[in-house]
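The values are calculated or read from the model by the stated rules, or taken from the named source; none is laboratory data. All values reported here derive from a predicted model rather than from experimental measurement. A quick note on method: Cβ atoms are made from the backbone with ideal geometry, for glycine too, and the neighbour counts reach across all protein chains shown. Keep in mind that these areas ignore ligands, DNA and RNA; they rest on the heavy atoms of the full protein, side chains included. Shrake-Rupley method; radii C 1.70, N 1.55, O 1.52, S 1.80 Å.
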Amino acid sequence: MKYASTRDPSLSASLSRALADGLAPDGGLYLPQSMPSLAGATLDGRPPLHELAPRLLAPFFAGDALARALPAICVEAFDFPAPIAAAQGSPERLSVLELFHGPTAAFKDFGARFLAACLARLHAADARTRTVLVATSGDTGGAVAAAFHGRPGFRVVLLYPEGRVSPVQEQQLTCWGGNVTSLAVRGSFDDCQRLVKQAFGLARLREEFALTSANSINIGRLLPQLVLFAAAGLRLRDAEGAAPGFVIPSGNLGLATACAWAREMGLPIGGIVLAHNANRTVPDYLADGQWRPRESVATLASAMDVGDPSNMERLMALWPGHGAMTGRLQAVSIDDGAIRASIGAEFARAGLMLCPHTAAGFAAYRSLPGAERRAAHWVVVATAHAAKFPETVEPLLGRRIEPPPALASLLGRPSFKTRIDAGIDALEAGIREGACTP
Ligand SMILES: *Cc1c(COP(=O)(O)O)cnc(C)c1O
C-alpha cells in the first residue's frame, strides 16, 4: 500500500515515510492510495483489540518495512480495552463506547501509543535521539508524553498555552520529567501551533534536534482509531444482526475520518453523526456547502475547539462534493448550555458521568428525530473520562468523580514545567534545556 497526498495524488510515499514525515511534502495529508475492502472477510468482534487490529490493519501495512512488526505494534498500542456499555434507562438501544481506559484517560492514548510503537521500530538503534515536538490544547500532549516517556532514542517537547488548560490536563502535561520537557507558553494554543510550525520551518533546528511531529494528522494516529469502530461494529452486528450507528464528539475530525474509513472498508457501521461544540464550521458546511474555516471559540469541550479541522481534507478526498458528504454524514452543533444540560440530564436518567465532549455526543443523539433514533442501535463515543474535567462536571452532578487508577497515579506525581514567551528564541532555549537533562 502506498500513501498519496490529498493535494497532489502523484506525490506518494511508503507507510514508513508517511509515519516519519506526518505531512506530505506539499502540505497535504496522506491518504491510502486505495481503500482496502474487508467486506468479504470473515471477521467477528470477539477477539481482543490487539488480535483483531492486525487483521484489520494488515492491508495498510502491506509491502512496508513495518509489516512484520504489525502484530507486536498492536500488542503495545492496544493494551487496554474499549468496552461498550449499555446506557441504562433508555427505551431505545443506546450504548457508550468507552475510549478512556488508557493512561491519560482519553481516546488520544490509542493513536499516540500506536504511533510511538511504529516510530520506535523505524528508529535505528544507533541513530541520533529524535525530538518529538508537539503543541497541545489539552489531551494530545499528555497522551504523546505518556506514549514516549522512557523510550530510548526519543525526547518529547510539548508546548501548551499557560492558564488555558484544565488543572488535571496541566498535571498530565507536566508530570513526566525524564525525556519529556513541558513548556508553558505565555500565549494561546494558536501561538503554540505557530511556534511548532516555525521550528519545523527552520532547517537548522529541524536537523540539530531531528524534529519529529506527532500531531493528529499523522496517519499513524488515524489507523488505530479505525480498529475501535470496527471492533464495536462487529461486536454489535454479531449480537444483533445489524450495524450500529455512531455519534462522535468531533473537533479536528480524526475519529470521524477513522470511522468513515472503517465503513468504506465494508465494516458494519451504519449512520455517522458528528457532535461539534459551538465551533460550527462542519455543521455549517453540511448545511450550505460553503467551507468557511474560522478562528476557534473557547468552549467547555475544549479538545473540540477547532475552527479549521485539518482532517476535512481527508473527508473531502474520500467523498468529493457537498452532496456526497451530506448523504453519508450528519453534523450537529451543541453549545455550552446544551453541554451542561446534557451532563445533568444523562446523570439523572442513567447515572452516567460524562465529560463535556461525550455530553455533546449525547445531546447530538437526543437531537435526532425519534424515528431515526429507534431505527438502529446507536453508540455514543465517550472520548474522555469525566474526571479529567472535574471543575465543569462535579458542580453539575453535585458530587465528586473518582479518577480511574491510571489517572489517579499521574495526579499524585510531582510536576515540572518551564515557562516561556511565545517566541522562537524562547522555544529554541526550551528545546535546548530539555536536551541537557538525561
Ligand atoms: C481530541 C478530542 C476530541 C476530538 O477528536 P478529533 O479526532 O480531533 O475530532 C473529542 N474529545 C476529546 C476528549 C478529545 O481529546
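Figures for the structure shown
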item	result
Partners for K197 among aspartates and glutamates (Cα-Cα distance below 15 Å; same-chain residues under 8 apart left out)	D21, D26, E207, D425, E428
Separation between Cα centres of region 384-405 and region 221-278, rounded to whole Å	26 Å
Total charge dipole magnitude, the chain, about the Cα centre, Cβ charges on Lys, Arg, Asp, Glu only, Debye to nearest 20	440 debye
MRE, 222 nm, helices only [DSSP H, n ≥ 4, -39500 (n - 2.57), over the chain, to nearest 500]	-13000 deg cm²/dmol
Sequence-distant lysines (8 or more away, or on other chains) whose Cα lies within less than 16 Å of K2	none
Cβ crowding within 10 Å averaged over residues, with 358-367, 276-285 ranked highest first	358-367, 276-285
Most positive-pole-ward Cα, V247, G63, A429, against dipole of the chain from beta carbon charges	G63
For peptides 248-258, 199-209, sequence by mean Cβ density within 10 Å, most packed first	248-258, 199-209
Length released on extending from R374 to A39, taking residue separation times 0.36 nm less the Cα-Cα span	118.0 nm
Most fluctuating residue given options I420, I339, I219, as computed from a GNM of the chain linking Cα atoms under 10 Å	I420
Region 236-356: C-alpha gyration tensor shape, a/c 1.5 cut-off, then a/b vs b/c	oblate
Solvent-accessible area, 1.4 Å probe, carbon plus sulfur percent, for region 293-349	52 percent
Inter-centroid distance (Cα atoms) of region 72-144 relative to region 300-319, Å	19 Å
Highest-first arrangement of 389-398, 86-95, where packing means the average Cβ count within 10 Å	389-398, 86-95
The chain - share of DSSP beta bridges that are antiparallel (%, nearest 5)	20 percent
Residue (of T418, L318, A382) at the positive-pole extreme of region 299-438, dipole from beta-carbon charges	A382
Cα-centred dipole magnitude for region 1-92, charges only on beta-carbon of K, R (+1) and D, E (-1), debye, nearest 20	220 debye
Options L97, A408, G40, ranked by Cα towards positive dipole end of the chain, top entry (Cβ charges)	G40
Accessible surface of region 1-123, 1.4 Å probe, proportion on carbon and sulfur as whole %	54 percent
